[in-house]
Every structure is written in C-alpha cells, then in structure tokens.
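Worksheet: one structure, shown below.
The values are calculated or read from the model by the stated rules, or taken from the named source; none is laboratory data. Quantities reported herein were computed from a predicted structural model and do not represent experimental measurements. Cβ placement follows ideal geometry from the backbone for every residue including glycine, while neighbour counts extend to all protein chains displayed. For the accessible areas, the whole protein counts, side chains as well, though only heavy atoms, and no ligand, DNA or RNA atoms are used. Shrake-Rupley method; radii C 1.70, N 1.55, O 1.52, S 1.80 Å.
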Amino acid sequence: MTAADAQAGLRRLLNEWDPIGMADLVQDEYDCLIAPILHRLRHGASWGALREFLSRELTDHFGLSHPYDVDGMADRLTAWWTSTHPQA
C-alpha cells in the first residue's frame, strides 16, 4: 500500500465515522487527523492510545463535549491497519 493509498483509506474511514456530521459537506474536514493517526499506527500505537488520541482531538480540537464512538473508531482503525499491513 502506498502512502497515498493509506491516506485515502484513512480519509474514507474518518468520513464514514463523521463525528461532527460534516463529511457530506466538507470531504477534507478530518484531514488534520490523517498524519497523526498514520504516525501512531506506523509506530505500533495500541488501541488505547488511538482511543485517547481520538477522544482528545474531538474534545480539544473539534469542541465536542461528548466524543462520538471513539471506541468503535479505535476498533475500525486497528482492524483496517492490520488488514492493510499484515506484517506490521
């Protein structure tokens, strides 16, 4: 998988998740999360570390008082990374 493929795949996952409900209007709304998530995945971040990052970003960056389904998204990120990078 190329870097562009990884970014596109992650963008798709983030837009499907769409915790603030903007993906239909702004396709790059969550692009600010792509590089930090990929960095974490490439460096073996645990499910808990991904969950913590997502929760912090949703509250601090996006201003949500109740982060939306961070457990489910951490699950999806872990499964996606494992399926696309079986040697990782």
Leading residue by the ranking (modelled with the highest pLDDT) among those in region 1-39 that are of a type in the set (Asp, Glu) and loosely packed, with under 11 Cβ neighbours inside 10 Å: Glu16
Counted residues, region 40-80 - those being within 17 Å of Ala6 (Cα to Cα), open to solvent by less than 80 Å² (accessible area, probe 1.4 Å) and over 11 Å from the mean Cα position of the chain (by Cα): 3
Residue match in region 47-57 (condition: within 19 Å of Pro86 (Cβ to Cβ) and in a helix (DSSP H, G or I)): yes
